[in-house]
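The values are calculated or read from the model by the stated rules, or taken from the named source; none is laboratory data. Just so you know, these numbers come straight off a predicted model, no measurement behind them. In this analysis, Cβ positions are derived from the backbone assuming ideal geometry, glycine residues included, and neighbour counts consider all displayed protein chains. Heads up: the accessible areas ignore ligands, DNA and RNA and are worked out on the full protein's heavy atoms, side chains in. Shrake-Rupley method; radii C 1.70, N 1.55, O 1.52, S 1.80 Å.
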Amino acid sequence: MKRIFIANWKMQLLPHEAVNLASELQKRLKEGVRNCEIVLAPAHTALAAAHEVVKGGPLLLCAQDCFWEERGAYTGEVAAAELRELGCAYVLVGHSERRQYLGETDEMVKRKFNKIINSGMRPVLCVGEKLEERRKGKAKEIIRRQLETVITGFGDKEKKFVIAYEPVWAIGTGVAANPEEIGEMHAFIRSIVKKFITFDEKWVRIIYGGSVNAKNIGDFLKVPDTSGALVGGASLKAEEFEAIVKSR
Ligand code: PGA
């Protein structure tokens, strides 16, 4: 499977700023990078305009969230079908900021995850433990719960998705997890995936997120079973995100 690098722009850019950054990246990366998917995740408000910029390829679009219902009276929510119409290939689901500030539960994440898959897009399921959970030795227990709730009942239906391991304590702090911590958790995540999924497990890629930058990405990509990164702060600078994507 190809590596995947996702630029998570969160709520950091106005629509015109997101379009400018998308255009700059499109210019820098228009030849693509061999064996690699480059994915931009602007806010919902910038998706339509960003799609105009990247629709010739090779960059792909990702939404930061979506609702689980098809259509209806759900003021303020955004449906998976809307995102697909705006050209999204991927949708983030269960990001820790949504769990923390919006009260998203594993059950809600599961419903969203299924909706995204059934709408013909690929979910990027974010999982990660908080610092106090790691300190108490509960990191794996948390990851197991976050994962198992969502991927049970999948059976042998071949579905492609991405799991982003993002320890909450590493997000936006400048303190990334170290390669040993990432390797241990990715192996643990893979063991759960193997238990629940009977189709070819290579369709499930595992990536790391949390204070990734152009300097540390090389170390992370050497970690076994690491297929790329989910990048927040460092993806707001075209030059740095380009360096991350092109690192080997
Ligand atoms: P960060 O964010 O790279 O700024 O730590 C990562 C994320 O939240 O996806």
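Laid out as a table, the results:
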quantity: The chain, accessible area per residue, ligands and nucleic acids excluded (1.4 Å, Å²); calculated: 47
quantity: Pairs from LYS27/LYS202; LYS110/LYS202; LYS140/LYS222; LYS140/LYS215 whose Cα-Cα separation, in the structure shown, is over 24 Å; calculated: LYS27/LYS202; LYS140/LYS215
quantity: The chain, relative contact order in percent, only Cα pairs under 8 angstrom and at least six apart counted; calculated: 20
quantity: Sorted peptide list for 34-41, 170-177, criterion being average Cβ within 10 angstrom, highest first; calculated: 34-41, 170-177
quantity: Computed label-point distance, nm, for sites GLU17 and LYS246 using a 7 Å Cα→Cβ extension; calculated: 2.5
quantity: For the range 1-125, radius of gyration divided by Kirkwood radius, i.e. Rg to Rh on alpha-carbons; calculated: 0.96
quantity: Label-to-label distance, nm, for residues given as ASP106 and LYS136 (7 Å Cα→Cβ offset); calculated: 1.5
quantity: Rounded percent of accessible protein surface that carbon and sulfur make up, the chain, 1.4 Å probe; calculated: 50
quantity: Relative contact order of the range 1-119, pairs being alpha-carbon contacts under 8 Å that are 6 or more residues apart, as %; calculated: 23
quantity: Loop GluC sites (Glu not before Pro), the range 87-191, which have at most 11 other Cβ atoms in a 10 Å radius of their Cβ (DSSP); calculated: GLU158
quantity: Residue-wise HN-Hα coupling along the range 96-107, computed from phi with Karplus coefficients 6.51, -1.76, 1.60 (Hz; x: Gly, Pro); calculated: 4, 5, 6, 5, 6, 8, 10, x, 5, 9, 4, 5
quantity: Taking the C-alpha atoms of the chain, convex hull volume expressed per residue in Å³; calculated: 118
quantity: The chain - mean residue ellipticity at 222 nm from DSSP helices (-39,500 (n - 2.57) per run, n ≥ 4, rounded to 500); calculated: -12000 deg cm²/dmol
quantity: Surface/4 of the Cα convex hull for the range 61-189, nm²; calculated: 8.7
quantity: With DNA, RNA and ligands ignored, accessible area of ARG99 (1.4 Å probe; Å², nearest 10); calculated: 40
quantity: FRET efficiency, 1/(1 + (r/R0)^6) with R0 35 Å, evaluated for GLU24 and ASN118 via beta carbons; calculated: 0.55
quantity: Per-residue HN-Hα couplings for the range 68-85 [Karplus 6.51, -1.76, 1.60; θ = phi - 60°; Hz; x = Gly/Pro]; calculated: 8, 8, 6, 5, x, 7, 10, 3, x, 8, 10, 7, 4, 5, 5, 5, 5, 4
quantity: Separation in nanometres of the label points that stand 7 Å from Cα toward Cβ, at GLU148 and LYS2; calculated: 3.5
quantity: Under 12 Å from LYS160, Cα to Cα: aspartates and glutamates that are on another chain or at least 8 residues apart; calculated: ASP200, GLU201
quantity: Estimated vicinal HN-Hα couplings, Hz - the range 22-36 in sequence order (Karplus 6.51, -1.76, 1.60; Gly, Pro = x); calculated: 4, 5, 5, 5, 4, 5, 6, 10, 5, 7, x, 10, 3, 6, 8
